[in-house]
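Colleague: The structure under discussion is supplied below as structure tokens; questions concerning it will follow.
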Amino acid sequence: MLAWLESQGHWGFIYSSFAISAALLLADLLPPWLRQRKLRQELRARARREQQRGES
Amino acid sequence: MNPVFRWFHQLGSPPYFYRFATRALPWFGIPALLLAAVGLYLGLLKVPADYLQGDSFRIMYIHVPSAWMSMFIYVLMAVYGAIALIWRIKITEILFLACAPIGAMFTAITLITGMLWGKPTWGAYWVWDARLTSELVLLFLYFGVMALASAYDDLRQGARAAAVLALVGVVNIPIIHFSVQWWNTLHQGETVRIFGKSSIDGSMLWPLLIMALATKLYFIFALLLRARGSLLEQERGKQWVRDMLVRGRA
């Protein structure tokens with residue numbers, strides 16, 4: 001794989017750098033964002049259930 | 001009370017911080033994205049190739065801002081850690097813990113892009129040079145902070161233990177910065193200076209400064225996002241969370 005990368009010249013190293021950086025950025029951002037979205041949905045549903053139970 | 005001090009004081013309140021973070025997120029995320037697009041366009045397509053390194057120097061537009069961020073975030077994390085240890089403010093504990101994975105990500109980008117820049121420039125992906133080794137130590141410090149914090153069942157206790165490690169690790173930051181002056185390294189010396197003349201050409205400097213600003217704004221965006229999520233998890237049983245999620249007010 002490294003031999004293939006080296007055969008691509010300078011632009012191979014440049015594109016690899018940017019692709020790996022973008023992948024790391026997404027790996028940093030997406031999991032907390034998705035977890036937070038799920039938690040908000042769960043908490044909102046629970047709060048609505050409690051509110052409805054209280055009203056009835 | 002001075003309005004600025006009052007604002008900082010209010011930020012210590014979880015509902016206020018949550019509302020502030022929610023409002024502030026697009027103001028940092030969108031400019032970060034736009035600036036990164038401009039910086040990369042200029043850096044990849046407009047700036048001429050370097051007379052010595054050819055096109056490979058373009059890796060600098062991601063490597064250098066990431067390296068600056070890796071050190072900046074560590075110092076900020078240590079400051080939050082010190083505040084968390086001294087005053088035990090919940091928000092600073094959350095911000096301290098939120099800094100570590102973002103800092104680790106920037107350090108990993110620095111090391112990987114450095115390796116990919118090193119091969120066409122030095123002929124080797126890795127050398128045990130003072131700058132490279134001290135940056136690798138920084139990555140281990142970030143991992144150590146995250147591991148130590150998660151080793152405790154109580155998040156706040158974990159944050160305070162990890163804060164001690166973060167404070168001890170600050171000694172590595174001047175080592176990274178001055179390594180190219182203190183030792184004879186393969187890594188090049190300082191080319192961009194805040195005080196004094198930079199040895200980089202102006203046409204190459206501007207895209208770099210734009211990328212540096214983009215990474216700073218991204219960091220604030222990611223920090224607020226992570227801190228907001230962590231706050232929601234910790235405060236999930238509180239009345240203000242119910243009020244905010246059901247009636248849309250905090």
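The values are calculated or read from the model by the stated rules, or taken from the named source; none is laboratory data. Predicted model only: the values in this text are computed from it and were never measured. Glycine gets a Cβ as well: all are built from the backbone with ideal geometry, and neighbour counts include every protein chain shown. Surface accessibility is based on the protein's heavy atoms, side chains included, excluding ligands, DNA and RNA. Shrake-Rupley method; radii C 1.70, N 1.55, O 1.52, S 1.80 Å.
Colleague: Where in the stretch B:26-106 are there chymotrypsin sites (Phe, Trp or Tyr not before Pro) that are in a DSSP coil and have at most 15 other Cβ atoms within 10 angstrom of their Cβ?
Modeller: B:Tyr51
Colleague: Expressed as a whole number of Å, what is the distance separating the alpha-carbon centroids of the stretch B:177-231 and the stretch B:1-46?
Modeller: 18 Å
Colleague: Which value, in debye to the nearest 20, gives the size of the charge dipole of chain A about its Cα centre, when Lys and Arg are +1 and Asp and Glu are -1 at the Cβ?
Modeller: Around 620 debye, computed over chain A.
Colleague: Among all the lysines, which ones have a C-alpha under 29 Å from B:Lys90's C-alpha, if same-chain residues fewer than 8 places away are not counted?
Modeller: The qualifying lysines are A:Lys38, B:Lys216, B:Lys238.
Colleague: Could you pull the Cα extents of the stretch B:1-108 along its three principal axes, largest to smallest, in whole Å?
Modeller: 56, 27, 24
Colleague: If one computes P(r) from the Cα atoms of chain B, what percent of pairs lie at distances over 29 Å?
Modeller: More than 29 Å apart: 38 percent of the Cα pairs in chain B.
Colleague: To the nearest 100 Å², how much accessible surface do chains A and B hide from each other in total, with a 1.4 Å probe?
Modeller: On the way: alone 5610 and 13760 Å², together 16280 Å².
Heavy-atom accessible area buried at this interface is about 3100 Å².
Colleague: Separate question: Rule-of-thumb check for chain A: C-alpha Rg over 2.2 N^0.38 Å?
Modeller: 2.24
Colleague: Based on alpha-carbon atoms only, what is the radius of gyration of the protein assembly as shown relative to the globular estimate 2.2 N^0.38 Å?
Modeller: Cα-based Rg divided by the globular estimate yields 1.12.
Colleague: So what is the accessible area of the protein assembly as shown per residue, in Å², with the probe set to 1.4 Å?
Modeller: 53 Å²
Colleague: Nearest 500 deg cm²/dmol is fine: what mean residue ellipticity at 222 nm does chain B get from its DSSP H runs of n ≥ 4 alone, each adding -39,500 (n - 2.57), divided by its residue count?
Modeller: -26000 deg cm²/dmol
Colleague: Peptides B:127-139, B:178-190, B:1-13: what's the order by average Cβ count within 10 Å, highest mean first?
Modeller: Packing proxy ranking, top to bottom: B:127-139, B:178-190, B:1-13.
Colleague: Of B:Gly229, B:Gly144, B:Gly54, which is the most mobile in a GNM of chain B whose springs link Cα atoms less than 10 angstrom apart?
Modeller: Its mean-square fluctuation being the largest, the pick is B:Gly54.
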